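These notes are about the structure you will find just below.
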Amino acid sequence: MNKRYTWLEEEYDSLRKQSLTREWNTVESASDRAGTWIQVEGKPLLNLSSNNYLGLAHDQRIVEAGKKAAEEWGAGGTASRLVHGNYALYNVLEQQLALWKEREGALVFANGYQANTGVIAALAGRGDAVFSDRLNHASIVDGIVLSRAEHFRYRHNDMDHLEFLLKKHHGARRKWIVTDSIFSMDGDKAPLLELVQLRDRYDAMLMVDEAHAGGVRGEEGQGLCHELGIAGQVDVLMGTFSKAFGVYGAYVCADEIIIRYLMTKARSLVYSTALPPAVIGSNLAALSLVQTESWRRKAVRQNALVFRQLLRSRGFTVDEEDTPIIPLTLGENEWTLQFSKRLRQRGIAAVAIRPPTVPEGTARIRFTVMAAHTREELEWACEQVSEIRNELHKGGTIS
Ligand code: PMP
C-alpha cells in the first residue's frame, strides 16, 4: 500500500465499520421476461430493484431503433451539440417531447444528473434562493451547490415550512422551488398543487423532477404534473429516459425562452458530447411506446397496489400509495444489509439503501415493481420477506 494513501485507507475503514461501503453485483444476464429476472453469480433472481418500470429496456422495437440510428448516424455524437454534434435526429426527439409535454420547447441532456446540475446552475446564481425538499435527489442538491445560490432545504413535503422559508427570504433576487414529483427512495408524491400556489403567492419559479413519474403517470405517461393538470404552470419540467423509458438520457420542457437560455448557459450541455445516436433512436421509439401502450402503466400501478397490500397484510408498515417504489424501512445499516443478503439467498434482488442516499437511521430495502411481474411472483416475494423478518427476529438481529 502506497503510504500516500493511508488517509484513504483510514477513511474507507471508518465507512466499512459503519456498514456504509458500497459494492455492486455483476448481472450476468438480464433479458429474461422483460428483465423481471436477472442472473447474478449463476443464480436467477426476481428483480425487485429496477427502475425499468414498464419493462421497455428489452423491447426489441426499441433495441432495433437504436441499431438503425447507429447504422445511419454512426456510433458517437462526435462533439457537443454546439460544435456540429447536433444531428437532425436530436431535433426530432425534442419536437416530439415538446408535443407530448404540451410545452413550447424541449432540450435533451446526457442524463438526469447532468440535466439537474446544468439547469439549476444555469437558472439560479449568486443572490438567488433555491428552496429544495429535504428528500430531493442528489443531482438537485449538487445543482444548487454549483449554482452558488443560497440553499434552503424545507422539511419533506412540509408546505408550512416552505412558506416560512419563502417569507423569511423574500428579499432574494430570484426564488426557485425545486422538487421531485415522485420521491426516488420513498415512493411518495410531492404536493404539486400547493407548490404551484406557493410559487404564485411568493413570486417564485418552480422546477419539477419527474424522473420516476415519466412513463408511469399521466394519460400518455407525461408525468404527475399532467395527471394533476398543472403541467402548463410549472416553469421547468424535467424527466429522464433512464427509468420507465428503459433507455438513457434526460430532458427538460419549458417555455421557449428558458430552452433558448439553457442552450447557451447550461454547462453540462455546452461542454459535453452529444448522446450517441443509438440512444436517441431508442428514446424516440420508447417515447412512442410510452404514449401508446398504456396497458403497461396500468399493470405497473396494479402491481404497486398489490405488492403494497401484500406487505401490509403481513404486518409491514407500507404507505398507502400507488407508486412502484416501495421502501421497507428497517433503520439500522447492518440489519438492512443482512436483510438484503438474505433476500438474495432466497432468490430476490432488492438492495439496501443507506445514508447518505437516505437520512441517518432510515436505511431501507427499496423494492420496485414492474409491469411484467406476475401476482404469483409478488406473493412469493412477500412470503420470503416475511420469513426473513421472522428469521432475523429469532436471531435477535431485528427488534
Ligand atoms: N432525478 C431523480 C429523482 C432520480 O431518481 C435520478 C436517478 N436516480 C436522477 C434524477 C438522475 O437521473 P440519471 O440516472 O438519468 O442520471
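The values are calculated or read from the model by the stated rules, or taken from the named source; none is laboratory data. Fair warning: this is a prediction, and the values are worked out from it, not measured in the lab. Note that each Cβ is placed from the backbone with ideal geometry, even for glycine, and that neighbours are counted across all protein chains shown.
On the basis of being at pLDDT 95 or above, over 20 Å from the mean Cα position of the chain (by Cα) and either in a strand (DSSP E or B) or among the acidic types (Asp, Glu) (or both), does LEU8 make the cut? Answer is no for this residue.
Residues of the stretch 67-81 that are in contact (Cβ under 8 Å) with a residue 24 or more places away in the chain and of a type in the set (Asp, Glu): GLU72 alone. Put simply, of VAL92, VAL40 the only residue that is over 22 Å from the mean Cα position of the chain (by Cα), modelled with pLDDT under 95 and of a type in the set (Val, Ile, Thr) is VAL40.
Scanning for something of a type in the set (Val, Ile, Thr) and within 16 Å of the ligand (Cβ to nearest atom), does the stretch 107-114 turn up at least one residue? Yes; the residues of the stretch 107-114 include at least one that is of a type in the set (Val, Ile, Thr) and within 16 Å of the ligand (Cβ to nearest atom).
How many residues are within 16 Å of the ligand (Cβ to nearest atom) and over 15 Å from VAL119 (Cα atoms) when one looks only at the stretch 192-212? Number of matching residues: 3.
Residues of the stretch 58-74 that are under 13 Å from ARG33 (Cα atoms) and either touching a Ser or Thr at 6+ places or on another chain (Cβ under 8 Å) or modelled with pLDDT under 95 (or both): HIS58 alone. One residue stands out in the stretch 271-319 among those that are touching a Phe, Trp or Tyr at 6+ places or on another chain (Cβ under 8 Å) and not in a helix (DSSP H, G or I): the one that is surrounded by the most Cβ atoms within 10 Å (Cβ to Cβ), namely LEU275.
Do we have any residue at all in the stretch 372-385 that's surrounded by fewer than 20 Cβ atoms within 10 Å (Cβ to Cβ), at pLDDT 95 or above and outside any helix (DSSP H, G or I)? Checked the stretch 372-385: at least one residue is surrounded by fewer than 20 Cβ atoms within 10 Å (Cβ to Cβ), at pLDDT 95 or above and outside any helix (DSSP H, G or I). When TYR251, TYR271 are checked against the criterion of being in the same structural domain as GLU210 (by TED's automatic domain parsing), in contact (Cβ under 8 Å) with a residue 40 or more places away in the chain and away from the ligand (no atom under 14 Å from the Cβ), a single residue qualifies: TYR271. Could you go through the stretch 328-338 and let me know if any residue there is surrounded by fewer than 17 Cβ atoms within 10 Å (Cβ to Cβ) and more than 17 Å from MET185 (Cα to Cα). Yes, the stretch 328-338 contains a residue that is surrounded by fewer than 17 Cβ atoms within 10 Å (Cβ to Cβ) and more than 17 Å from MET185 (Cα to Cα). Just one of the listed residues (ALA65, ALA34) is more than 16 Å from the ligand (Cβ to nearest atom), more than 22 Å from the chain's Cα centre (by Cα) and farther than 23 Å from LEU337 by Cβ, namely ALA65. Could you check, for the stretch 120-128, whether at least one of its residues is closer than 23 Å to ARG173 by Cα, touching a residue at least 12 places away in the same chain (Cβ under 8 Å), within 12 Å of the ligand (Cβ to nearest atom) and assigned by TED's automatic domain parsing to the domain that holds ASP255? Yes, some residue in the stretch 120-128 is closer than 23 Å to ARG173 by Cα, touching a residue at least 12 places away in the same chain (Cβ under 8 Å), within 12 Å of the ligand (Cβ to nearest atom) and assigned by TED's automatic domain parsing to the domain that holds ASP255. Would you confirm whether or not the stretch 175-184 contains a residue that is surrounded by fewer than 19 Cβ atoms within 10 Å (Cβ to Cβ) and among the basic types (Lys, Arg)? Looking through the stretch 175-184, none of the residues is surrounded by fewer than 19 Cβ atoms within 10 Å (Cβ to Cβ) and among the basic types (Lys, Arg).
Restricted to the stretch 99-173, the set of helices (runs of 4 or more DSSP H) holding at least 3 residues that are over 23 Å from ASP200 (Cβ atoms) comprises 112-123, 138-147.
Within the stretch 339-366, being out of contact with any Gly (no Cβ under 9 Å at 6 or more places or on another chain), of a type outside the set (A, V, I, L, M) and over 18 Å from THR26 (Cα atoms) holds for PHE339, ARG354, PRO356, THR357, PRO359, GLU360. Quick check on the stretch 283-300. Is at least one of its residues among the polar types (S, T, N, Q) and either in contact with a helix residue (DSSP H, G or I) (Cβ under 7 Å, 6 or more places away or on another chain) or within 13 Å of the ligand (Cβ to nearest atom) (or both)? Taking every residue of the stretch 283-300 in turn, at least one turns out to be among the polar types (S, T, N, Q) and either in contact with a helix residue (DSSP H, G or I) (Cβ under 7 Å, 6 or more places away or on another chain) or within 13 Å of the ligand (Cβ to nearest atom) (or both).
Checked against (1) in the same structural domain as ARG344 (by TED's automatic domain parsing); (2) surrounded by 19 or more Cβ atoms within 10 Å (Cβ to Cβ); (3) under 21 Å from the mean Cα position of the chain (by Cα), LEU45 passes all but a single condition, namely (3). Among the residues of the stretch 223-243, write down those that are crowded, with 24+ Cβ neighbours inside 10 Å and either on the phi > 0 side of the Ramachandran plot or more than 16 Å from the ligand (Cβ to nearest atom) (or both). Selection gives GLY223 alone.
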